[in-house]
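Structure, as structure tokens:
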Amino acid sequence: MKPLKLEMQAFSTYLERTVVDFERLNQAGLYLISGDTGAGKTTLFDAICFALYGEASGSNRSSDVFRSEYAPNDIPTIVELTFMVGGHDYFVHREMAYYSSGKPKPSNDYLMVEDKLTKGKKEVTHAIKELLGVDATQFKQIVMLAQGEFSRLLYASSNDRVKIFRNIFHTKNLQELEDKLKNKDRELEGAVSKKKTELDTLLASLSFNTQEAYNSESLTLIKEHLDKMLVELSKQGEQREKQAISYKEKQDHYFSLKQDNERIDQLEKLKKEQAELLEHQQDIISKSTTISHINKALEILPMEKECQSLSDNVEKLSVEEKMLKATKAQLNEDEKQYQTRLIKQDELKKQSEQLHDTLIQAKRAMSMLEALKESQDAILLHTKSIKQLEEDYQVLEEDIAQKEKRIARDNKSVAELPDFIVALHQNEEQVNQYNDRKNKIHELSDLFDHYNNKVENYYEAHQLYLKTLTSYSELEAYLNKQYALRMQANYGVIAASLKEGEPCPVCGAIHHPHLAKRVDDVLSDEKLAALEKKVTSSKRDVDLKFDEANEKKNAILLTKQEIKRLKDELKIAEELDKDVFIRLLSDITQKKDEAGKSYQESYTHIEYLKKLSSSVAMSQKVLDSSKAKLLAMEKKILSLKSAIEVAKTSIATIKQQYPDIESYSKEHLITLEADYAQIQQDIKAITTMGEKLKRDQAIYETKQQANSINLKAAKETYDIKKQAFDQSLNERFDSYENYQISKNQQDLLEKMKQEVDDYHMHLKTIQKQLEDNEKLVKGKKKVDLSALEKELHEQELSNKEMDERYYALKNSYESANNIYKKMIKIEKDNARLLKDYQLYHNLMIATTGKNNANKISFERFVLASYFENIISFANIELSMLTSGRYEFKRRQEAKGNGGQGLDLEILDYESGTYRDVKSLSGGESFKASLALALGLSTMIQNYTGGIELNTLFIDEGFGTLDDESLSQAIDVLMKLRETDKVIGIISHVGELKNRIESGIIVRKGERGSQLTVTA
Amino acid sequence: MKLIHIADLHLGKMLKLYNLLQLQKECLIQIEEAMRQDDIDGLIIAGDVYDRAIPPQEAVNLLNAFLSTIINDLHKKVYMISGNHDSSDRLNFASSILEASGLFIETHLQEQIVYHEEDDVRIYMLPFIRPIDIRRLYPECPHTNYNDAFAYYLSKQQPLDHNYRNILITHQFVGFHALTSESEQSLSVGNVEVIDPGLFEDFDYVALGHLHAPQYVHQEKIRYSGSLLKYSFDEVKQKKGYVIIDTKDMSFELVPFKNSQDVVILKDSFENLNDPTCYQDYRNDLIAIELTDTSIIPHAIEQLRLLFPHVLQLTYPALMGQEVNDIHHMDKIRHTSLVELYEDFYQQSTGTTLDEASLKIIGELLEGGEIDEAS
């Protein structure tokens, strides 16, 4: 896990949005976070921890503390971290839930993996835990050595270490193995004991049981007993059977005798019955005759009914005829009335026409009245307008006159403009001329000064030349002197070697009266040569100086010429002098100023005139528009006047048409209309009456015809049917009354029929039975069976008793047998279970480490090997940090009751003894913790698939080290840069700043902390 | 003129909690004597004057006494630059005032290397710098490693006037095959600090500091004088001393230091070492003991300290090779299946082998876990 970018807002001391870019720091491999106390260094770690897990880095800080005190309520506390795991980038955003003016604001945490979004505080924490493979506590123990807590992993007990390593090295399945074995062991033990109890209970349930508890003999004893029971059972069985057979024989005999007795009784009874029946025979015969009568009556009943209905129909039709007659009379009456009304209708029609005309006229008059009123109003309005317009017209006229006067005046002034412009140009030229002259005077002055300078220079150069010349001449003289001396010296030398009598090489004389003297202070050859050189160089010098002086002289001449020229140009006659210049200059300046002033005046006046001319133009325009307005007003007045005339004429016309138009009013119109409507209604009523009458008459006609036809037909049918009925009646009955009687008895028909049939059947059966019984009973007599009965009964009782005994025994045998079978089965199961139980129990004890002296479980065994490896890696670092003095060792023997195997000891080479980790000093324990953390993280990196924790943060602790240790620690950390690790250190130790270039500097300001990243 | 060249004083340094100041003082006194007697004109100190950026008081006092003897009493010149252990700002205190007295201090990088002329000798002083310093001065320099950055910087310098003897004092890691010692601090990771000695061809002599072993690099005139004392136990074989340079003919003389205590390594069995008759000569020296015994002797160091009061360190070289085995053991575990692992464990903890039926049970239970190995 490498952090890439961290953003914080309103988090602890970071009020404003602060961004930390870790990319360059990661490249550096080792970086230092420095700053004053309380600036916010550990807060960075807190932020990372919070971003990942929603918790603080140290156990002393809880998450509530993180909200920045400086932040106003509406700014949320946000931490966002972009980090890389396994080559992929992840982004997590966390907010702090806080209270804003009483309302709780929910936290809005989310994690972004490419496109996938996980939301919610717990879900994000869970997802990150999955991703990194460690939860918050483990993360802190492995990745962060927090302030004051770095020794946690060092001092942790075996159990705590187990928890940490379990997650990292995925040995959870080993723990599960343990659990599974434990469960299984417990299960089996339970099963075994259950089986045992079952056996005990079953044993107890056996009635013949003599044992207390179940043991191996039990089964054999039970088997013996069961066999005995079986034997007894078979014996009893045989006995029973024998008795049953004898009982049966007796019983059969008894039953046959009993049957005969019964038959005899039966016969007597039947005879009695027969006699009874024969008594009723007469009654039955009479009932049969009645039945036949009733049947006959039923045959002709329908015919009677038909006749009755037909006569009813005839009755109905006659009534109808009578009613129709009454209707006819009514209709005649109505006809008469209608005729009278008809006459009245004509009158009404005439009246209505008259009224209609009057109505139309009245309407027309009304409309005219309105028009009249309109015209009168118009006239009034126009008169008013005309008055107003005339007033305005007056005012405008006056105004126009004024304006014209003013414009004429201005125009006069503007006409002067061209003259002024000309004057201005002249002024300008003059000013320029003066300027020119002034400049030239300045030039002349400068030249004059230069000329003076040059004259001086020339003088100096000339002097120098003279000086050089003198020195050269001196030198030359000297040189010549030296030549002469030399010569003399030569002569001296020669002279010295001359002996009297020998010829002189120079002059050949033999006598040497005046020998040349030796000259000693002759310059050496070298010095002479040097002198010669000096002379030549001096000559050169002289020539140089001469040329220089000459040059200067020429320059002077040139300047003089130039001055003359300028003087002529400017027409200055007098000799040049400082005063002259001053006078000339002041003169010209004055002239220039005056010209300037007058120029300025002209210029301003011209400007003024220009403005005036433009304003004149505008005024002219305004004037024109006013004039136009005046014209328009005139026109309007005229038009209004003509409108008034028109209105007056129309009023006159109307009055002519309708002289009494005033009299007309709305109410009059309304009454007229009402009357007219009324008349129309009456007329209509009469018409309707006539129509109704016609209709009624038509109806009556049709009805009358139909009814008469029907009546005739009905009468005929009725006569025919009546005749037929009478005939049938006479065939069957003597009189009509008999027929009536029989008809009324038809209800009893069914009952009687039934009685008769029953009687006959009954009689027949009895006769048959009688015959049968007589046959069977021939020659037999009744016998007394009481003694036999008693015998049978006694035997039956004893039989029952025997049966009971037998069945009881059978039951108990069977139940005991079942129990026995069950017990055998249970015994078998149990044996198997016991075997399994032993296996599992053994495994469990071995795996959980309860039996061995070291009390190491399997998981710990595996973890111990990992731990050994961590220690090996840690030892490499530790030996570097302590110059080989200390080494980690894993404790082998058990100590106490808790699970062991992961305890740590320190071997001190100097004293050659093992020491407890807790006995180390502060600085030494820091070194040991650091070594352990580094070893752990190296181990994780090399061996575990999935967990990538190649970041390490160390918060303080370096202050406890002396110089040499500090240097060693830094060397160790710097070496780690070669691996893929990134280590961040928080410290205020100055020495670290010198050695570690990259880092973050945190400063505390008034409004929170700021930080700068240097890399 | 004649000059003495020393470097890497590391005044105030502790060797395993033993204060070396006295021994350093002895060395400095020897230098003072040499300057007095052998007609030396100047002293060159090529960096790492102190051991830390903020040195202990006594170290400051020592340097103060030393320099005032040389400047005030002997009236000689001193040419001093800062090294990577020194704080450039602190060492630079009052440097411009001290120049008038003959103490020349350079601790910051200038555009042109500062030199001091004395008769026909020009002494160029280039303090310890990092590539970042060069790049701050010349932002267009693209190089981040020491060699290229240095070459760039040197290319920007005025050419040397060979009418003078040109001597360069600098504090860097020069030479690819130079001898290093444990007591030197590494300047960077992965050897980016090494500078090619060929860059200094032009100079008549290069007085180097930083590496503690006295040596010349590539040519005799490019030379490390070495540190005053042996500052770590891997320097015990080095002969520490100072260099006398004569500019007349550019000859060198190496003079060793004599100290009352030496730094030695004694490697023997505990028995021999504990014998009072052996190793008597080393009684008073600063010793690192390497016991050849193959098992740990309890309280070894306390016993030996009775004979040798200044035992600074005790190690067992024979026992150092054990870690390798453990790592092999780990590999083995990684590639073993869980079931086999369990058999081993069972064997170890109960002393009996696992029977068939139990093995089957374990195999079944671990079935789910068989797929990821014990990793």
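The values are calculated or read from the model by the stated rules, or taken from the named source; none is laboratory data. Note that this is a predicted model, so its numbers are computed, not measured. Neighbour counts are summed over all protein chains in view; Cβ atoms, including those assigned to glycine, are modelled from backbone coordinates with ideal geometry. Side chains are part of the model used for accessible areas, which takes the heavy atoms of the whole protein and leaves out ligands, DNA and RNA. Shrake-Rupley method; radii C 1.70, N 1.55, O 1.52, S 1.80 Å.
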> So, in segment A:913-937, of the ones that are away from every other protein chain (no Cβ under 14 Å) and surrounded by fewer than 22 Cβ atoms within 10 Å (Cβ to Cβ), which residue ends up modelled with the lowest pLDDT?
Replying inline: A:Gly922
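Every residue, every condition in (1) of a type in the set (Phe, Trp, Tyr); (2) within 60 Å of the chain's Cα centre (by Cα); (3) open to solvent by 70 Å² or more (accessible area, probe 1.4 Å); (4) modelled with pLDDT of 85 or more, yes or no:
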{"site": "A:Leu479", "(1), (2), (3), (4)": "no, no, no, yes"}
{"site": "A:His514", "(1), (2), (3), (4)": "no, no, yes, no"}
{"site": "A:Thr536", "(1), (2), (3), (4)": "no, no, yes, yes"}
{"site": "A:Arg540", "(1), (2), (3), (4)": "no, no, yes, yes"}
{"site": "A:Asp547", "(1), (2), (3), (4)": "no, no, yes, yes"}
{"site": "A:Gln561", "(1), (2), (3), (4)": "no, no, yes, yes"}
{"site": "A:Asp568", "(1), (2), (3), (4)": "no, no, yes, yes"}
>> Can you pull out every residue in segment A:142-166 that is more than 14 Å from every other protein chain (Cβ to nearest Cβ), in a helix (DSSP H, G or I) and open to solvent by 30 Å² or more (accessible area, probe 1.4 Å)?
In response: A:Arg152, A:Tyr155, A:Asn159, A:Asp160, A:Lys163
> What number of residues within segment A:570-584 are open to solvent by less than 40 Å² (accessible area, probe 1.4 Å) and either part of a helix (DSSP H, G or I) or in contact with a Lys or Arg (Cβ under 6 Å, 6 or more places away or on another chain) (or both)?
Replying inline: 4
> Name the residues in segment B:152-168 that are without any contact (Cβ under 8 Å) to a residue 60 or more places away in the chain and over 12 Å from B:Tyr138 (Cβ atoms), would you?
Replying inline: B:Gln158, B:Pro159, B:Leu160, B:Asp161, B:His162, B:Asn163, B:Tyr164, B:Asn166, B:Leu168
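How about segment B:33-53: which of its residues are open to solvent by 10 Å² or more (accessible area, probe 1.4 Å) and under 24 Å from B:Lys230 (Cβ atoms)? Show your work before the answer.
Of segment B:33-53, the ones open to solvent by 10 Å² or more (accessible area, probe 1.4 Å) are B:33, B:36-39, B:41, B:50-53.
Correct list: B:Glu33, B:Tyr50, B:Asp51, B:Arg52, B:Ala53.
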> Just one of the numbered conditions (1) closer than 30 Å to A:Asn738 by Cα; (2) loosely packed, with under 14 Cβ neighbours inside 10 Å is not true of A:Ser318; which one?
Replying inline: (1)
> Is there any pair linking a residue in segment B:346-368 that is at the interface with chain A (Cβ under 7 Å from one of its Cβ atoms) to one that is open to solvent by 50 Å² or more (accessible area, probe 1.4 Å) and not aliphatic (A, V, I, L, M), with Cβ under 6 Å and at least six apart or on different chains, and which?
Replying inline: B:Leu365/A:Lys180
> So which of A:Glu232, A:Glu212, A:Glu176, A:Glu187 is assigned to a helix (DSSP H, G or I), open to solvent by 50 Å² or more (accessible area, probe 1.4 Å) and away from chain B (no Cβ under 14 Å)?
Replying inline: A:Glu232
> What tally of residues in segment B:109-123 results from selecting those that are assigned to a loop (DSSP other than H, G, I, E, B) and surrounded by 15 or more Cβ atoms within 10 Å (Cβ to Cβ)?
Replying inline: 2
> Does B:Tyr242 qualify as being hydroxyl-bearing (Ser, Thr, Tyr), touching a residue at least 60 places away in the same chain (Cβ under 8 Å), closer than 25 Å to B:Ile31 by Cβ and within 14 Å of another protein chain (Cβ to nearest Cβ)?
Replying inline: no
>> Take the conditions in contact with a Ser or Thr (Cβ under 7 Å, 6 or more places away or on another chain), touching a residue at least 12 places away in the same chain (Cβ under 8 Å), assigned to a helix (DSSP H, G or I) and not hydroxyl-bearing (Ser, Thr, Tyr) and apply them to A:Met802. Does it pass?
In response: no
>> Can you confirm whether B:Leu126 is at pLDDT 90 or above, surrounded by 20 or more Cβ atoms within 10 Å (Cβ to Cβ) and in contact with a Ser or Thr (Cβ under 9 Å, 6 or more places away or on another chain)?
In response: yes
> Do we find a residue being over 30 Å from B:Val311 (Cβ atoms) and open to solvent by 10 Å² or more (accessible area, probe 1.4 Å) anywhere in segment A:869-887?
Replying inline: no
>> With within 11 Å of another protein chain (Cβ to nearest Cβ), open to solvent by less than 10 Å² (accessible area, probe 1.4 Å) and β-branched (Val, Ile, Thr) as the only criterion, which of A:Ile1000, A:Ile906, A:Ile970, A:Ile940 stands out?
In response: A:Ile970
> Failed condition for A:Leu839, given (1) within 14 Å of another protein chain (Cβ to nearest Cβ); (2) hydrophobic (A, V, I, L, M, F, W, C); (3) open to solvent by 50 Å² or more (accessible area, probe 1.4 Å), with all others met?
Replying inline: (3)
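Filter segment A:342-379 down to the residues that are closer than 30 Å to A:Leu693 by Cα and without any contact (Cβ under 8 Å) to a residue 40 or more places away in the chain and list them by number.
Taking segment A:342-379 first, the residues closer than 30 Å to A:Leu693 by Cα are A:342-353.
A:Ile343, A:Asp346, A:Glu347, A:Lys350, A:Glu353 - these are the residues of segment A:342-379 that are closer than 30 Å to A:Leu693 by Cα and without any contact (Cβ under 8 Å) to a residue 40 or more places away in the chain.
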> If you scan segment A:120-135, which residues turn out to be modelled with pLDDT under 80 and either at negative phi or crowded, with 17+ Cβ neighbours inside 10 Å (or both)?
Replying inline: A:Lys121, A:Gly133, A:Val134, A:Asp135
> For residues in segment B:28-53 being more than 16 Å from B:Gln185 (Cα to Cα) and assigned to a loop (DSSP other than H, G, I, E, B), which is farthest from the other protein chains (Cβ to nearest Cβ)?
Replying inline: B:Asp38
>> Return the residues of segment B:54-101 that are open to solvent by 60 Å² or more (accessible area, probe 1.4 Å), of a type in the set (A, V, I, L, M, F, W, C) and outside any helix (DSSP H, G or I); say none if nothing qualifies.
In response: B:Ile54, B:Phe93
>> If I ask for residues that are open to solvent by less than 70 Å² (accessible area, probe 1.4 Å), within 7 Å of chain A (Cβ to nearest Cβ) and outside any loop (DSSP other than H, G, I, E, B), which ones from segment B:284-303 would you list?
In response: B:Ala300, B:Ile301
> Which of the residues belonging to segment A:965-1015 are among the hydroxyl-bearing types (Ser, Thr, Tyr), touching a residue at least 24 places away in the same chain (Cβ under 8 Å) and in a strand (DSSP E or B)?
Replying inline: A:Ser1009
>> Looking only at residues that are in a loop (DSSP other than H, G, I, E, B) and surrounded by fewer than 19 Cβ atoms within 10 Å (Cβ to Cβ) in segment A:190-209, which one is farthest from the chain's Cα centre (by Cα)?
In response: A:Phe208
